[in-house]
Amino acid sequence: QANRAWLKAIEDAIGYGEGIPDRSTLVIGLSATGLRKLGLDEQALATFPTAFQHGMAAPWRSRALGDVGRNAPETWTWGGPGNEADAILNVYARTDRIRDEETRQQITQLPAGAKVLREIRLANLPPPDQPVIEPFGFRDGVSQPIVRGARRWVLARNAIHVVEPGELILGYEDNSKHKPPSPSAGGQDLGFNGTYLVVRQ
């Protein structure tokens, strides 16, 4: 109940990409353990993809991902065995000051017994006239997918980047005209308009 109350308390601050916020916005991701703590039963969790249910730290998943030896989940600062993350809360803000204020406020609102496993400060976006360089050293944003219907028009030179909504968002047809199954509980579609977030540090 405390976890549900926390989620309800921050609901109005969560952004869904529908516009640029004036001050700040939150993006939240919940893991399988987090959904269990919100009361989702095993039957409902079984409707999620297997990789999501197992998480990256399961031995069979970590082997498939190459997380072995010095990169094994047991060596992770957070997210490994006994240090699982139930949720991730991304705080985006117009300024560093607003980000720090919003982060402090969100930490004070956590439910009793919850703790912050790791606070990660991401780099600020560069000015609009400078390229964004992603973690592997490549220029980011060169080939960005454009979701069909998200923009009124697309230049002919960008047509190759247009994808169907279902390639990124649950509940819609993908490029193959197939609508993948969506997680559900008690007849309710839990995935509609949602997506999956992979976090690796």
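Quick notes
- Computed over protein heavy atoms with a 1.4 Å probe, the carbon and sulfur contribution to the accessible area of the chain reaches 53%.
- Adding -39500 (n - 2.57) for every DSSP H run of four residues or longer, then dividing by how many residues the chain holds, sets the calculated 222 nm ellipticity at -5500 deg cm²/dmol.
- Fraction of alpha-carbon pairs over 28 Å apart in the chain - percent: 39
- Cα-centre dipole for the chain with unit charges at Cβ (Lys and Arg positive, Asp and Glu negative), debye to 20: 200
- Percentage relative contact order, the chain, counting C-alpha pairs under 8 Å, at least six apart: 18
- Farthest toward the positive end of the dipole of the chain, out of P165, A57, L125, is the Cα of L125, where the dipole comes from beta carbon charges about the Cα centre.
- Working from label points 7 Å from Cα in the Cα-to-Cβ sense, the I120 to I10 distance is 1.5 nm.
- In the full protein context, segment 61-201 carries 77 Å² of accessible surface per residue, based on a 1.4 Å probe and ignoring ligands, DNA and RNA.
- DSSP bridge pairs, the chain: antiparallel proportion in percent, nearest 5: 75
The values are calculated or read from the model by the stated rules, or taken from the named source; none is laboratory data. None of these values were measured; they are calculated from a predicted model. Here the Cβ is made from the backbone with ideal geometry for all residues, glycine too, and neighbour counts use every protein chain on show. Just the protein is used for accessible areas: all its heavy atoms, side chains included, with ligands, DNA and RNA removed. Shrake-Rupley method; radii C 1.70, N 1.55, O 1.52, S 1.80 Å.
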